[in-house]
Amino acid sequence: MRKKIVAGNWKMNKTLPEAQLLLSEIDKYLQANSPKCEVIAGIPFVYLENAKAQHKNFKIFSEDISEHKSGAYTGEVSAEMLTSLHVDGSIIGHSERRQYHKETDEQIGAKVKIALENGLTPMFCNGEVLEERKAGKHFEVVKRQTEVALFNLSAEEISKVVIAYEPVWAIGTGETATPEQAQEIHAYIRSLIADKYGKEVADSVSILYGGSVKPSNAKEIFSKPDVDGGLIGGASLNIEDFSALIKTY
Ligand code: PEP
């Protein structure tokens with residue numbers, strides 16, 4: 001049975017004291033309530049070392065990773081650096097990286113590959129923008145993103161990837177895909193993997209939904225058969241909402 005996952009993406013939020021407080025609150029909550037899902041906090045690079053040293057009850061992910069091994073790439077953080085801090089994985093190809101940093105599907109694929117080579121779990125994000133959805137191109141877009149970034153991996157490698165489908169029009173907008181829209185595209189992504197790698201591999205990959213998930217809408221979305229949890233932005237920034245989302249499982 002594939003993993004159910006509730007993952008936070010803090011983005012560029014929180015000072016060190018605020019980050020330490022929320023990480024401790026998550027830890028405390030998980031100690032008191034054994035969760036039925038895996039819990040991940042995707043947090044800014046600067047807090048990773050501290051977080052990994054202090055918290056063992058949930059996984060810690062970076063929000064990005066360099067596609068390069070090492071060298072003259074000012075400001076970048078390599079997979080080797082992350083593993084040396086014992087970080088568990090990286091969010092890769094988030095729509096904000098695609099939009100503001102012009103990351104291409106090929107670069108995102110290289111990031112996924114280097115993460116895997118270094119024992120990190122890649123959380124690969126895909127999803128269409130509003131114009132693409134309106135034009136009925138969402139299947140085509142998600143297919144291209146997924147095939148270019150992931151389909152050069154072996155079956156063993158792709159089984160270690162977590163996919164987060166995040167329609168860009170639903171991120172931070174308060175607008176959510178309906179549970180039916182999420183199910184439809186999650187099932188489609190799984191069918192692409194099944195066609196390339198077989199049903200057993202496809203059934204082992206967790207596919208999360210992201211886009212304005214909150215305690216009030218999570219239950220219905222997470223109950224869909226091909227939705228294996230959520231990647232959560234805004235509602236991961238306070239313990240009340242984040243713990244309520246964990247409790248959904
Ligand atoms: C995200 O940034 O991945 C996200 C889903 O954000 P939000 O939950 O705030 O829409």
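The values are calculated or read from the model by the stated rules, or taken from the named source; none is laboratory data. Remember, it's a predicted structure, so these values are computed and weren't measured experimentally. Glycine also receives a Cβ, built like all others from the backbone with ideal geometry; neighbour counts cover every protein chain displayed.
For the residues Ser204, Ser216, Ser212, the requirement of being of a type in the set (Gly, Ala, Ser), within 16 Å of the ligand (Cβ to nearest atom) and crowded, with 16+ Cβ neighbours inside 10 Å singles out Ser212. Condition test on Ile189, is it among the β-branched types (Val, Ile, Thr), surrounded by 20 or more Cβ atoms within 10 Å (Cβ to Cβ), within 15 Å of the ligand (Cβ to nearest atom) and modelled with pLDDT of 95 or more? Taking the combined requirement at face value, the residue does not satisfy it. All of (1) within 24 Å of Gln145 (Cβ to Cβ); (2) touching a residue at least 60 places away in the same chain (Cβ under 8 Å); (3) surrounded by fewer than 18 Cβ atoms within 10 Å (Cβ to Cβ) hold for His101 with one exception: (2).
Within region 124-157, how many residues are surrounded by fewer than 18 Cβ atoms within 10 Å (Cβ to Cβ) and hydroxyl-bearing (Ser, Thr, Tyr)? Of the residues in region 124-157, 1 are surrounded by fewer than 18 Cβ atoms within 10 Å (Cβ to Cβ) and hydroxyl-bearing (Ser, Thr, Tyr).
Here Tyr73 meets the list (1) within 21 Å of Gln20 (Cα to Cα); (2) aromatic (Phe, Trp, Tyr); (3) surrounded by fewer than 17 Cβ atoms within 10 Å (Cβ to Cβ) almost entirely, failing just condition (1). Number of residues in region 15-49 that are without any contact (Cβ under 8 Å) to a residue 60 or more places away in the chain, closer than 26 Å to Arg97 by Cβ and either among the aliphatic types (A, V, I, L, M) or in contact with a Leu (Cβ under 8 Å, 6 or more places away or on another chain) (or both) equals 8. The C-beta contact set for region 231-245 (first residue modelled with pLDDT of 95 or more and away from the ligand (no atom under 12 Å from the Cβ), second residue of a type outside the set (A, V, I, L, M) and assigned to a helix (DSSP H, G or I), distance under 6 angstrom, 6+ apart or interchain) comprises Ile239/Glu25; Ser243/Tyr29; Ala244/Pro215. Consider Val227 carefully, then state whether it is in a loop (DSSP other than H, G, I, E, B), modelled with pLDDT of 95 or more, near the ligand (Cβ under 10 Å from one of its atoms) and buried (at least 17 other Cβ atoms within 10 Å of the Cβ). The answer is no for Val227. Please verify whether Ile91 is buried (at least 24 other Cβ atoms within 10 Å of the Cβ), in a helix (DSSP H, G or I), on the phi < 0 side of the Ramachandran plot and under 16 Å from the mean Cα position of the chain (by Cα), treating the condition exactly as stated. The answer is no for Ile91. Just name the residue that is surrounded by the fewest Cβ atoms within 10 Å (Cβ to Cβ) out of those in region 1-51 that are farther than 30 Å from Lys199 by Cα and within 16 Å of the ligand (Cβ to nearest atom). Once the filter is applied, the top-ranked residue is Met12.
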